[in-house]
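All remarks here apply to the structure that follows.
What follows draws every value from the coordinates through simple rules; no lab data is involved. This structure is a prediction, so every number in the text was calculated from the model and none was measured. When we count neighbours, we look across all protein chains shown, and the Cβ atoms used for this are built from the backbone with ideal geometry, even at glycine.
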Amino acid sequence: MTVETTTAGILFLIAVMTAVTLVTRFGGAFIMSFVKINSRIESFINTMASSVLIAIIVPMAVTGDAGALAALFTTAVTMLLLRKPLPAIAAGIAAAGIVRYLI
C-alpha cells in the first residue's frame, strides 16, 4: 500500500496512526480489566517498563553523537540529584542543544 505524500495523504496517515494508537491503548486497558493482577503480573509490568526504556536508550548511548551522550549523561545526573523527570528531561534537551551548537 502506498500513500501519496500530499497534504491529504499525510493527514490520512496521521489519522490512521492516531486510530491505531487509541485502539491499542484502550484495547489493552479493556483486556487487562478482565485479568486479576497478582504479584507476578505486577512484577512483569514493572519490569517491562524498564526494559522498554533501556531498549530505547542503549542504542543511542552506543551509536549516538556527542550531543546524544551529553543529553543522556545530563538527564541521568539530574534525575539522580532531583528525582524529578521534567527538570531532568529539560536539562538533557538543553545539554544536547548546547553541545550540538558548539560542535
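Where q = 0.15, 0.19, 0.20 Å⁻¹, what log10 of I(q)/I(0) comes from the Debye formula for the chain, counting one point per Cα?
-0.96, -1.00, -1.00
Assuming 0.36 nm per residue, please report the length gained on full extension of the stretch VAL58 to ILE14 beyond their Cα-Cα distance. If you can, show how the numbers build up before the last one.
On the way: separation 44, 0.36 × 44 = 15.84 nm, distance 2.82 nm.
13.0 nm is the gain from fully extending VAL58 to ILE14.
I want to check the label-to-label distance for ILE98 and MET79. Put each point 7 Å from Cα in the C-beta direction and report it in nm to one decimal.
2.0
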